[in-house]
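The values are calculated or read from the model by the stated rules, or taken from the named source; none is laboratory data. Since we're looking at a predicted model, the values are computed, not measured. As a convention, Cβ positions derive from the backbone with ideal geometry for all residues, glycine included, and neighbour counts pool all protein chains shown. We work out accessible area using only protein heavy atoms, side chains counted, and drop any ligands, DNA or RNA first. Shrake-Rupley method; radii C 1.70, N 1.55, O 1.52, S 1.80 Å.
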2 protein chains.
Amino acid sequence: MVTIPKEDYIKAVFTISFNGNGKVSTKDISEKLEVSNAATSEMARKLSLQGLINYEKYKGISLTAKGEKLALKILRRHRLWELFLIQILGLSWSEVHDQAERLEHHTTEFLIDKIDEHLGFPEFDPHGHPIPRKNGQLPKQPEVTALSEAKIGSSYKLVCVKDESKELMDYLTSIGLQLHTEIRLINKLSFDDSVFVQINKKQISFSKKIADKLSVSVIKN
Amino acid sequence: MVTIPKEDYIKAVFTISFNGNGKVSTKDISEKLEVSNAATSEMARKLSLQGLINYEKYKGISLTAKGEKLALKILRRHRLWELFLIQILGLSWSEVHDQAERLEHHTTEFLIDKIDEHLGFPEFDPHGHPIPRKNGQLPKQPEVTALSEAKIGSSYKLVCVKDESKELMDYLTSIGLQLHTEIRLINKLSFDDSVFVQINKKQISFSKKIADKLSVSVIKN
DNA sequence: CTACAAAGTTAGGGTTACTTAACTTATTTG
DNA sequence: CAAATAAGTTAAGTAACCCTAACTTTGTAG
């Protein structure tokens, strides 16, 4: 049986490994889900028994093919709900994540397909993440760099925000930054790796931590 | 803490007593929720401790003011979801109940208010049940009789279907019966209390069990 | 009014998922 | 490379919710 907490663990493994790539530590999962390491160890044993993860004690965790398939299903639900809540019910960028988190575990494939259809089979969610299709395929994402790695003087557009926290979304909204907004990199400070950019004719600086989360694609070199 | 199973028990007490009126037996709750009597007894003890129900051993259950307030909140979520799923996502009459049942426990007041607004603050759900308002008030329902109690020769319109089972909804749809459809009572058979009616120029008979579930209001005597 | 059936409760036990505390393994650093 | 620290695991216990089986109460039919 795949219970709701199990779905959360599987999703956590997928999203953590999607960036860092490779094996996922139990510590990272515990932090993401805000549970004890003990709970994660115990769950790892169970998920491994169910064939959803590869797990060798002390050596980290990765998804099996079966686990990945499940993770993509869960992400499909989550991301379609996010888009739906913004486009149909008019929620804001910072509100959708928490709501989608609640709904995703209680949405049948039948219903999520209806939502998909109603939205016109979209490819990306409000954060720029690809929405897994019904068959599990991920739409191809454009070539991106982290804003923290971008080139001084070049122009970019925002393609993905790799974070869903309410606080960051509210901040980005408040400075007028949305998906597809143009960003020109003016300068970088090697002292703290912060970046200075121009957005809608205004200058803003981002800490490295934020700039790491902003995936951009080049418009003009 | 009000957990999801607790919400289900509270909702069951409300809906069972809404018709039968007065005290609710643990047996009826057990049947509705498909759990053992033991589980219901145990839960009754807990809900009573939380001040949500009046409970005296062997004497039946009723909601306290606090419990009723909670029940109305849950019904508000359920009924708004049902209407939303039909009106916005195009689900059918027989499909919405199960889906709403899943979603209702994971919908914040914030979100349900958005849905309410998006639907234009509707008063009745797809079955004709009143939708509790944000303040807990129930819209006033029209004067109704059960079709099983109706007068031969009179014309009525269907106002409420007091059942949500997929099978019945599918059947009613298949014979062209919807909310507000005109029904003329042609005859009653006292042998089995079945009724003969005319709907959209076709004659149909309903068993007493079905006729009991159909609330109608008089159009023409 | 007794006795029997139906309804309701209690006792004991199982599952899932979590906790803290104690322990083991792995990694880093002087 | 030894010792300290970080990461990971196991053990024992808790809470919610459910079950079956045994028992008690209630209501009713003879």
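Measuring nothing but how far apart in sequence close Cα pairs (under 8 Å, 6+ apart) lie, relative to its length, chain A scores a relative contact order of 16 percent. For region B:76-138, the orientation-averaged shadow of the C-alpha convex hull comes to 3.8 nm² (one quarter of the hull surface). Take the accessible area of A alone and of B alone, subtract that of the pair with a 1.4 Å probe, and the total buried over both chains is about 1800 Å². Dipole magnitude for region B:1-123: computed about the Cα centre from +1 point charges on Lys and Arg Cβ and -1 point charges on Asp and Glu Cβ, it is near 620 debye.
Nearest chain B C-beta to the B/A rotation axis, reported as residue and distance in angstrom, is B:His106, 3. Amide H contacts of A:Asn54: A:Ser62, A:Leu63, A:Thr64, each under 5 Å away and 5 or more positions distant or on a separate chain (H built 1.01 Å from N in the peptide plane; Pro and chain starts excluded). Once backbone amide H atoms are built at 1.01 Å from N, B:Lys188 has B:Phe196 as its partners under 5 Å, excluding neighbours fewer than 5 places away on the same chain. Specify whether the C-alpha gyration tensor of region B:35-146 places it in the rounded, prolate or oblate class, a ≥ b ≥ c being the square roots of the eigenvalues: rounded for a/c under 1.5, otherwise prolate if a/b is larger than b/c and oblate if not. Judged from the Cα gyration tensor, region B:35-146 comes out prolate (a/c at least 1.5, a/b above b/c).
Note on B:Lys188: aspartates and glutamates with a C-alpha under 17 Å away, same-chain residues under 8 apart excluded, are B:Glu149, B:Asp212. Please report the spacing between the Cα centers of region B:84-114 and region B:140-162 in Å, no decimals. About 27 Å separates the Cα centre of region B:84-114 from the one of region B:140-162.
Taking only Cα atoms, what is the 0 to 90° angle, nearest 10, from helix A:109-118's long axis to the longest principal axis of chain A? For A:109-118 against chain A, the angle is about 20 degrees. Taking Cα atoms only, the orientation of helix A:4-20 departs from the longest principal axis of chain A by about 40 degrees. Kirkwood radius for the protein assembly as shown, taken over all pairs of different Cα atoms as the inverse mean of 1/r, rounds to 25.5 Å.
Annotation for B:Arg133, label-to-label distances across the other copies: 4.9 nm (shortest first, one decimal, point 7 Å from Cα along Cα→Cβ). Burial annotation for region A:98-144: residues with an accessible-area loss of at least 20 Å² between the isolated chain and the complete set of protein chains, computed on heavy atoms with a 1.4 Å probe, are A:Gln99, A:Arg102, A:Leu103, A:His106, A:Thr108, A:Phe110, A:Leu111, A:Lys114, A:His118. Placing a label point 7 Å from the Cα of B:Ser174 along the Cα-to-Cβ direction, the distances to the matching points in the other copies come to 5.9 nm, shortest first. Please give the helix B:65-87 orientation as an angle from the longest Cα principal axis of chain B, in degrees from 0 to 90, rounded to the nearest 10. Around 50 degrees separate the two axes. Rolling a 1.4 angstrom probe over the protein assembly as shown with all protein chains present gives an accessible area of which 51% lies on carbon and sulfur atoms. What you get for the protein assembly as shown, charging only the Cβ of Lys and Arg (+1) and of Asp and Glu (-1), is a dipole of about 80 debye around the Cα centre. Annotation: per residue accessible area for chain A equals 52 Å², rounded to a whole number [probe 1.4 Å, protein chains only]. Distant-in-sequence amide contacts of A:Leu91, defined by a placed amide H-H separation under 5 Å and a gap of 5 or more residues or a different chain, comprise A:Ile86.
Hull volume per residue, based on the alpha-carbon atoms of region B:1-99 and their convex hull, is 103 Å³.
Using only side-chain charges placed at the Cβ, +1 for Lys and Arg and -1 for Asp and Glu, the dipole size of region B:4-63 relative to its Cα centre rounds to 200 debye.
When only alpha carbons of region B:145-220 are considered, Rg and Dmax amount to 11.1, 31 Å. If you sort the three axes of the alpha carbon gyration tensor as a ≥ b ≥ c, you get a/c of 1.5 or more for region A:91-175 and a/b no higher than b/c, which makes it oblate. The lysines whose alpha-carbon is closer than 26 Å to the alpha-carbon of B:Lys114, local same-chain residues fewer than 8 away aside, are A:Lys114, A:Lys166, B:Lys6, B:Lys11, B:Lys66, B:Lys69, B:Lys73, B:Lys134, B:Lys140. In this assembly of identical copies, the label point of B:Asp192 (Cα plus 7 Å along Cα-to-Cβ) is separated from its counterparts by 8.2 nm, sorted shortest first. Evaluated on chain B, the Kirkwood hydrodynamic radius is 18.7 Å, with distances taken between all distinct Cα atoms.
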